[in-house]
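The values are calculated or read from the model by the stated rules, or taken from the named source; none is laboratory data. Just so it is clear, the model here is predicted, and its values are computed rather than measured. With ideal geometry, Cβ positions are generated from the backbone for all residues, glycine too; neighbour counts draw on all protein chains shown.
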Amino acid sequence: MATRLAEEGQLESLEDLEHALHFGNLFVEGLGPRRKQMIAAILAERLGRPLITRSRKANSPPRALLLEIDRAYRERASSGLLRKIAPRRFNPIAEAWLPVMHVSREGSDFTALYSNSKRAHELNKTGDWVVIHYQRDGASEGRVTVVTQVLDPVGAHRVVHGLDGVSGAKDG
């Protein structure tokens, strides 16, 4: 099956296969919807990030700091001030489109980038959802996602997902 996928599907990598399955442009004789779903599930597991755990609540940065990093990242990304990388997933032409920011604040190291997840692509949120990875002095790495939540016609809030519960703050 792998040979047929590579030859008939003209795929060179697992990322190419994932993209073709996700965007529905994989046509291989004998590969029906159920088998495509099975392959997609296996790829999601194989290509997904390892499970990130937090060892203690004390290692989590304050929400205000995460929202500050989110704001700085979005400003620098929209101004074109950040280095761009070419993600391997959902990027069949290997375009460098994903801005990345590394910063150290309050004794922690942070990496911020827009989400390149399947769900972010499905909902057209690759320019809104910001994933922030953080680590403090050898402690286990943590990760949060900051998103825009529209609560009413008057305004939107940036909300932090991934800490203990969900917390937000109004855009300023």
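Any chance you could count how many residues in the stretch 79-95 are surrounded by fewer than 14 Cβ atoms within 10 Å (Cβ to Cβ) and of a type in the set (A, V, I, L, M)?
Total satisfying the criteria: 4.
Identify, from the list ILE39, ILE93, the residue that is among the hydrophobic types (A, V, I, L, M, F, W, C) and either modelled with pLDDT under 75 or assigned to a loop (DSSP other than H, G, I, E, B) (or both).
ILE93
Take the residues in the stretch 113-159 that are of a type in the set (Ser, Thr, Tyr) and under 27 Å from GLY80 (Cβ atoms); name whichever of them is surrounded by the fewest Cβ atoms within 10 Å (Cβ to Cβ).
Result: THR148.
Filter the stretch 73-116 for residues that are closer than 12 Å to VAL130 by Cα and touching a Lys or Arg at 6+ places or on another chain (Cβ under 8 Å) and give the result.
LEU98, PRO99, VAL100, MET101, SER115, ASN116
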